[in-house]
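**Q** Handing you a structure now.
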Amino acid sequence: MKKSVEVFVILFVILGYIRFFEPVFISNRLLNYSQFVSVFVAVILGASRILGNTKRFGLPMLMLLFAIVFSMFMAMLYWDQSLKDTLLCSYEHLIVIFFFFIASSKLSMKDFEKIILGLGLAYLVLFVIQYLSLPKIVFGKSNWGTDEFVERRGTIRFVFPSGGVFFLLSFFAFNKLTLGIKPKLLYIFLSITGLVVPVIQVTRQFIAATVLLFGYNILKNISTSKAIILLGLLSFGAYVILNSDIEIVKGLLEQTESDLGDGSDYIRVQAAEFFLYEFSPNWVTTVFGNGIPYWNMSDYGIYIALLQSKYGFFLEDVGLLGYYAQIGIFGVLSFLLIWFYSFYYTLPKNYSYLKYYLWFLLLTGLTWYSIYHYHYLIITTLVIGMYQKIITEKKINEQ
């Protein structure tokens with residue numbers, strides 16, 4: 001396959017999978033079809049390249065694929081979810097097989113970085129359009145089931161779809177900026193948006209994870225004395241901001257104080273305990289998962305919807321533990337191995353953003369669906385495929 005064709009295929013799969021950022025002016029059925037076709041293409045191309053790509057990151061990705069497929073049988077056998085319903089709600093998770101195509105592609109890292117930059121800039125343009133249109137919904141949907149985005153935490157709150165695209169762009173830009181790579185003005189602008197956008201969306205875990213990873217990237221590239229001065233300035237700045245009268249800041253603090261006050265009664269703690277210890281009906285599903293529920297459609301999906309409405313137990317609110325309940329122990333082990341490899345395998349400094357993206361998933365993965373939701377999963381697959389490509393080529397050059 002020619003390089004130009006591979007670029008087209010990768011862009012098509014990514015855009016189709018993320019449903020073209022979910023514009024409301026395109027029918028939901030058409031977006032569903034685009035996602036299905038993108039996964040179909042990914043499965044065909046990825047499956048053809050599994051052989052010879054099972055080392056390093058290939059092992060956990062193969063484990064993850066196994067866990068997803070095997071969990072489908074769990075949903076059918078132990079929750080009476082039909083094959084049709086199981087396939088309809090599970091197929092999007094099969095996108096992980098596209099890793100094998102990416103890792104073995106002819107594209108250079110510069111080609112991949114152009115794809116990251118192009119997708120990221122498209123995200124920012126559409127984000128601005130949505131922000132200027134508030135409270136009207138132009139892209140995505142309200143998490144509260146309303147026709148418009150609603151005011152929460154001191155501002156009109158919305159989470160723009162396909163956050164994986166944005167965070168990969170942010171880490172990419174800041175990594176390049178701190179290394180002095182041109183064009184500096186572009187990377188300065190993109191790095192600033194990497195901090196501003198999470199604040200606009202008032203999502204605490206996004207803000208904390210981004211600040212921590214940006215801070216780590218700075219500290220590892222400067223001297224100890226400069227690091228101490230910088231930490232002092234940041235601490236002072238944080239104190240001033242936290243004691244200001246900014247509505248967004250006040251809203252975030254009030255929500256945090258409320259959550260901390262709940263202690264063990266915090267709803268996410270209760271949900272985590274339930275999905276970890278009480279949800280699975282037997283030891284088989286405890287090991288291999290219960291499968292992906294067809295939300296509010298199959299009996300299994302109706303039960304999940306009931307847990308949400310009656311008890312406030314959301315699978316997505318407990319991240320990795322919620323995914324464990326669905327795809328089992330082998331799925332969890334695959335992510336643990338991916339994170340281990342992200343610390344074990346070194347990268348050239350100008351590709352450190354791949355590590356940062358995986359660490360972002362680690363930091364947010366217990367309280368958000370960033371590990372397995374389609375807003376992130378294709379970007380995660382892209383990142384791991386690029387990582388694999390770099391270390392494989394490095395090993396070949398060392399021989």
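The values are calculated or read from the model by the stated rules, or taken from the named source; none is laboratory data. Because the structure is predicted, anything quoted here is derived from the model rather than measured. Glycine gets a Cβ as well: all are built from the backbone with ideal geometry, and neighbour counts include every protein chain shown.
**Q** Is it true that some residue in the range 19-32 is touching a residue at least 40 places away in the same chain (Cβ under 8 Å), in contact with a Ser or Thr (Cβ under 7 Å, 6 or more places away or on another chain) and among the aliphatic types (A, V, I, L, M)? Show your work before the answer.
**A** Kept after step one, since they are touching a residue at least 40 places away in the same chain (Cβ under 8 Å), are these residues of the range 19-32: 19, 21-25.
Now narrow it down to the ones that are in contact with a Ser or Thr (Cβ under 7 Å, 6 or more places away or on another chain): 19, 21.
Next cut, among the aliphatic types (A, V, I, L, M) only: none.
Checked the range 19-32: no residue is touching a residue at least 40 places away in the same chain (Cβ under 8 Å), in contact with a Ser or Thr (Cβ under 7 Å, 6 or more places away or on another chain) and among the aliphatic types (A, V, I, L, M).
**Q** Across the range 190-228, what is the total count of residues that are of a type outside the set (S, T, N, Q) and not in a helix (DSSP H, G or I)? Step through it out loud before you land on a result.
**A** Step one: list which residues in the range 190-228 are of a type outside the set (S, T, N, Q), which gives 190, 192, 194-200, 202, 204, 206-209, 211-216, 218-220, 222, 226-228.
Applying the additional criterion that residues be not in a helix (DSSP H, G or I) yields 202, 220, 222.
So the answer is 3.
**Q** So Ile26 fits all but one of (1) assigned to a helix (DSSP H, G or I); (2) farther than 30 Å from Ser280 by Cα; (3) at pLDDT 95 or above; what number is the exception?
**A** Of the numbered conditions (1) assigned to a helix (DSSP H, G or I); (2) farther than 30 Å from Ser280 by Cα; (3) at pLDDT 95 or above, the odd one out for Ile26 is (1).
**Q** Could you say whether any residue in the range 197-206 is among the aliphatic types (A, V, I, L, M), in contact with a strand residue (DSSP E or B) (Cβ under 9 Å, 6 or more places away or on another chain) and at pLDDT 95 or above?
**A** no
**Q** In contact with a helix residue (DSSP H, G or I) (Cβ under 7 Å, 6 or more places away or on another chain), in contact (Cβ under 8 Å) with a residue 60 or more places away in the chain, closer than 21 Å to Leu65 by Cα and not aliphatic (A, V, I, L, M) - does that describe any residue in the range 310-328?
**A** So in the range 310-328, the residues in contact with a helix residue (DSSP H, G or I) (Cβ under 7 Å, 6 or more places away or on another chain) come out as 312-328.
Still in the list and also in contact (Cβ under 8 Å) with a residue 60 or more places away in the chain: 326-328.
From what's left, closer than 21 Å to Leu65 by Cα: 326-328.
With not aliphatic (A, V, I, L, M) added as a condition, the list becomes 326, 328.
Looking through the range 310-328, at least one residue is in contact with a helix residue (DSSP H, G or I) (Cβ under 7 Å, 6 or more places away or on another chain), in contact (Cβ under 8 Å) with a residue 60 or more places away in the chain, closer than 21 Å to Leu65 by Cα and not aliphatic (A, V, I, L, M).
**Q** Ok, one more. If I filter the range 339-351 for residues that are surrounded by 15 or more Cβ atoms within 10 Å (Cβ to Cβ) and on the phi > 0 side of the Ramachandran plot, do I get at least one hit?
**A** No - not one qualifying residue is present in the range 339-351.
**Q** Tell me the helices (runs of 4 or more DSSP H) entirely within the range 286-399 that contain at least 1 residues that are in contact with a His (Cβ under 8 Å, 6 or more places away or on another chain), modelled with pLDDT of 95 or more and within 25 Å of Leu15 (Cα to Cα). Steps first, please.
**A** Details: elements: 299-306, 319-327, 329-344, 353-364, 377-398.
By residue number, 377-398.
**Q** Output the number of the condition that Gly291 fails; it satisfies all remaining conditions of (1) more than 28 Å from Ser191 (Cβ to Cβ); (2) without any contact (Cβ under 8 Å) to a residue 60 or more places away in the chain.
**A** (2)
**Q** Okay, next question. Would the range 127-136 turn up any residue that is among the aliphatic types (A, V, I, L, M) and surrounded by 20 or more Cβ atoms within 10 Å (Cβ to Cβ)?
**A** No, the conditions are met nowhere in the range 127-136.
**Q** Hey, can you tell me all the residues within the range 129-174 that are modelled with pLDDT of 90 or more and of a type in the set (Gly, Ala, Ser)?
**A** Ser133, Gly140, Ser162, Gly163, Gly164, Ser170, Ala173
**Q** Sticking with this structure for a sec: Taking interchain pairs and intrachain pairs at least six residues apart, which have beta carbon atoms under 8 angstrom, with the first residue in the range 182-206 and over 22 Å from Phe149 (Cβ atoms) and the second surrounded by fewer than 16 Cβ atoms within 10 Å (Cβ to Cβ)?
**A** Tyr187/Ile181
Yes/no per residue for (1) more than 24 Å from Leu31 (Cβ to Cβ); (2) touching a residue at least 12 places away in the same chain (Cβ under 8 Å); (3) under 21 Å from the mean Cα position of the chain (by Cα):
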{"site": "Met74", "(1), (2), (3)": "yes, yes, no"}
{"site": "Ser82", "(1), (2), (3)": "no, yes, no"}
{"site": "Ser90", "(1), (2), (3)": "no, yes, yes"}
{"site": "Phe98", "(1), (2), (3)": "no, yes, yes"}
{"site": "Ile102", "(1), (2), (3)": "no, yes, yes"}
{"site": "Glu113", "(1), (2), (3)": "yes, yes, yes"}
{"site": "Ile116", "(1), (2), (3)": "no, yes, yes"}
{"site": "Val138", "(1), (2), (3)": "no, yes, no"}
{"site": "Lys141", "(1), (2), (3)": "no, yes, yes"}
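**Q** Next question. Within the range 31-40, does at least one residue satisfy the condition of being among the aromatic types (Phe, Trp, Tyr), over 25 Å from Met297 (Cβ atoms) and modelled with pLDDT of 95 or more?
**A** The answer is no; no qualifying residue exists.
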